[in-house]
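Data block below; observations after.
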Amino acid sequence: MKFSGVRSLTVVAVAVAAVVLAACGKKEAASDVQVIKIGHVGPVSGAIAHLGKDNENGGRMAIEELNAAGLKIGDKAVKFELLTEDDAADPKQGTAAAQKLVDAKVNGVIGHLNSGTTIPASQIYNTAGIPQISPSATNPKYTRQGYAGAFRVVADDVHLGGTLGKYAVETLKGKNIAVIDDRTAYGQGVAEEFKKAATASGGTIVGHEFTTDKASDFNTILTTLKAKKPDVVFFGGMDAVAGPMLRQMKSLGINAKFMGGDGMCTSELAKLAGDAMKDDTVFCAEAGGVEGEQKAGMDKFRADFKAKYNADVQVYAPYVYDAVKVMATAMVTAGSADPAKYLPALKAINYKGVTGNIAFDEKGDVKNGALTMYTYKGGERSQLAVVR
């Protein structure tokens, strides 16, 4: 009996030791996995929350695919985590969100969505030495501040507004053109570039009125512009404002063609405008675009996105997706997720994504950026052309 008891104790001790060793092994294995934090900021509350969520979902798709691929950076297995913050399209909230990500020691940031939040936030990331890729901010100032880690994967407002201004005169045959902007960094920037190009192409700007990105009543400024008999009205702002503006234009009997940039160029615009949107009367441009053999990749992304989230891509989800993949590729190339070490690889990137080929110029702007022109038919966006 005594021998049996000792033997039993020995067996238990061996079993316990095995469990402890196994636990230590797991802990050691876990420590071999490097966690890489990618920040994402966009407006997931407020009037354009549908655009912010669209962007965030694009980022989540990329993160899940990267983790499924079992990547190694250097000789370590890695796990990517997406840290998300809401800036509500508000500059003050945007800088607060940026500071939270810096404090969380993220390895890089994808965002913000709006130029008005991207630009002030970029100062915080630059001070902290954290690379930032915006998937949608188009104001030229963002990449012209001299920040080494500021990049964007879409064309800027000089290209966007300029192309739309030329299109208004040369294709839509606009002669008397009215302009409205929402006074944000994006809205004002794209409107000014539009005016320059429209005027250079022979159009006449008959009026320029202002609103805000939270306004819903436009009767006063629209009545002022109606008296000037415009044949084209350009709006620099987002779809949440453009939709109600179209409704009020209809109620006032303004029959001009309506134009805008990428901020209003969404699938949601038709719902927001309702029966005020007639076929081939609303024109807009998205800062990006693919054609030819590249279109198959974008079509697959849109189908996969719809299957995963039961929602259509609004505008920039594929650009967020590509931006995450670009940042991860730079880390793999450099063999490090340390911002200072992978930044040179990011500057030299040449990546084939679903949005096309991505490489950056000396400012951090995407090279040979495309624009896609759209109109609306039957309540749906209809592509007209890809312009470079």
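The values are calculated or read from the model by the stated rules, or taken from the named source; none is laboratory data. In this text the structure is predicted, and so the values were computed from the model without any measurement. For neighbour counting, all protein chains shown are included, and Cβ atoms are generated from backbone atoms with ideal geometry for every residue, glycine included.
Spot the failing condition for Val169; the list is (1) surrounded by fewer than 18 Cβ atoms within 10 Å (Cβ to Cβ); (2) without any contact (Cβ under 8 Å) to a residue 60 or more places away in the chain, and only one is missed.
(1)
Among Arg247, Arg183, which is the only one that is assigned to a helix (DSSP H, G or I) and surrounded by fewer than 22 Cβ atoms within 10 Å (Cβ to Cβ)? Break it down stepwise before answering.
Values: Arg183 fails: assigned to a helix (DSSP H, G or I).
Testing whether each residue is assigned to a helix (DSSP H, G or I) and surrounded by fewer than 22 Cβ atoms within 10 Å (Cβ to Cβ) leaves just Arg247.
State whether one or more residues within segment 50-66 are among the β-branched types (Val, Ile, Thr) and in contact with a helix residue (DSSP H, G or I) (Cβ under 6 Å, 6 or more places away or on another chain).
No, because not a single residue in segment 50-66 is among the β-branched types (Val, Ile, Thr) and in contact with a helix residue (DSSP H, G or I) (Cβ under 6 Å, 6 or more places away or on another chain).
Residue by residue through segment 276-293, note down the ones that are at negative phi and touching a residue at least 24 places away in the same chain (Cβ under 8 Å).
Selection gives Ala276, Met277, Asp279, Thr281, Val282, Phe283, Cys284, Ala285, Glu286, Ala287, Val290, Glu291.
Just to be sure, is Asp231 in contact with a helix residue (DSSP H, G or I) (Cβ under 7 Å, 6 or more places away or on another chain) and either of a type in the set (A, V, I, L, M, F, W, C) or in contact (Cβ under 8 Å) with a residue 40 or more places away in the chain (or both)?
Criteria not met by Asp231.
Out of everything in segment 51-84 that is within 14 Å of the chain's Cα centre (by Cα) and acidic (Asp, Glu), what residue ends up being farthest from Ala317 (Cα to Cα)?
Ranking the candidates gives Glu56 first.
Would you mind finding the one in Lys325, Lys271, Lys250, Lys352 that is in the same structural domain as Ala69 (by TED's automatic domain parsing) and farther than 25 Å from Thr163 by Cβ? Steps first, please.
Details: Lys271 fails: in the same structural domain as Ala69 (by TED's automatic domain parsing); Lys250 fails: in the same structural domain as Ala69 (by TED's automatic domain parsing); Lys352 fails: farther than 25 Å from Thr163 by Cβ.
Matching residue, one of Lys325, Lys271, Lys250, Lys352: Lys325.
What number of residues within segment 73-87 satisfy the criterion of being more than 21 Å from Ala323 (Cβ to Cβ) and either touching a residue at least 12 places away in the same chain (Cβ under 8 Å) or aliphatic (A, V, I, L, M) (or both)?
Initially, segment 73-87 is screened for residues more than 21 Å from Ala323 (Cβ to Cβ), giving 74-77.
Keeping just the survivors that are either touching a residue at least 12 places away in the same chain (Cβ under 8 Å) or aliphatic (A, V, I, L, M) (or both) gives 74, 76-77.
Residues in segment 73-87 being more than 21 Å from Ala323 (Cβ to Cβ) and either touching a residue at least 12 places away in the same chain (Cβ under 8 Å) or aliphatic (A, V, I, L, M) (or both): 3 in total.
With Thr199, Thr212 as the choices, which residue is of a type outside the set (A, V, I, L, M), outside the structural domain of Lys363 (by TED's automatic domain parsing), out of contact with any His (no Cβ under 9 Å at 6 or more places or on another chain) and not in a helix (DSSP H, G or I)?
Just one listed residue meets the conditions, Thr212.
For Ile254, indicate whether it is within 24 Å of Ala185 (Cβ to Cβ) and either in a helix (DSSP H, G or I) or in contact (Cβ under 8 Å) with a residue 12 or more places away in the chain (or both).
no
Looking at (1) assigned by TED's automatic domain parsing to the domain that holds Gly297; (2) in contact with a Leu (Cβ under 8 Å, 6 or more places away or on another chain); (3) of a type in the set (Lys, Arg), can you tell me which one Lys347 breaks?
(2)
For segment 72-129, which positions are crowded, with 19+ Cβ neighbours inside 10 Å, in contact with a Leu (Cβ under 7 Å, 6 or more places away or on another chain) and in a strand (DSSP E or B)?
Val78, Phe80, Glu85, Val109
Output the residues belonging to segment 350-388 that are of a type in the set (A, V, I, L, M, F, W, C), buried (at least 16 other Cβ atoms within 10 Å of the Cβ) and within 18 Å of Thr143 (Cβ to Cβ).
Ile358, Phe360, Val366, Ala370, Leu371
Do we find a residue being crowded, with 21+ Cβ neighbours inside 10 Å, in a loop (DSSP other than H, G, I, E, B) and of a type in the set (A, V, I, L, M) anywhere in segment 221-239?
yes
List, please: which pairs have Cβ atoms under 9 Å, are six or more places apart or on different chains, and start with a residue in segment 36-54 that is at positive phi and end with one that is hydrophobic (A, V, I, L, M, F, W, C)?
Gly46/Ala88; Gly46/Ala89; Gly46/Ala240
All but one of (1) in contact with a Leu (Cβ under 8 Å, 6 or more places away or on another chain); (2) under 19 Å from Thr375 (Cα atoms); (3) at pLDDT 95 or above hold for Phe151; state the number of the condition that does not hold.
Against the list (1) in contact with a Leu (Cβ under 8 Å, 6 or more places away or on another chain); (2) under 19 Å from Thr375 (Cα atoms); (3) at pLDDT 95 or above, Phe151 comes up short only on (2).
Cβ-Cβ below 7 Å, separation at least six or inter-chain, first residue in segment 96-122 and not assigned by TED's automatic domain parsing to the domain that holds Ile63, second of a type outside the set (Gly, Ala, Ser): which pairs?
Note: no pairs meet the criteria.
Look through segment 324-354, keep the residues that are β-branched (Val, Ile, Thr) and not in a helix (DSSP H, G or I), and return whichever of them is modelled with the lowest pLDDT.
Applying the first criterion (β-branched (Val, Ile, Thr)) to segment 324-354 yields 324, 326, 329, 332-333, 349, 354.
Okay, now just the ones that are also not in a helix (DSSP H, G or I), so 349, 354.
Working: Ile349: 98, Val354: 95.
Among residues in segment 324-354 that are β-branched (Val, Ile, Thr) and not in a helix (DSSP H, G or I), the one modelled with the lowest pLDDT is Val354.
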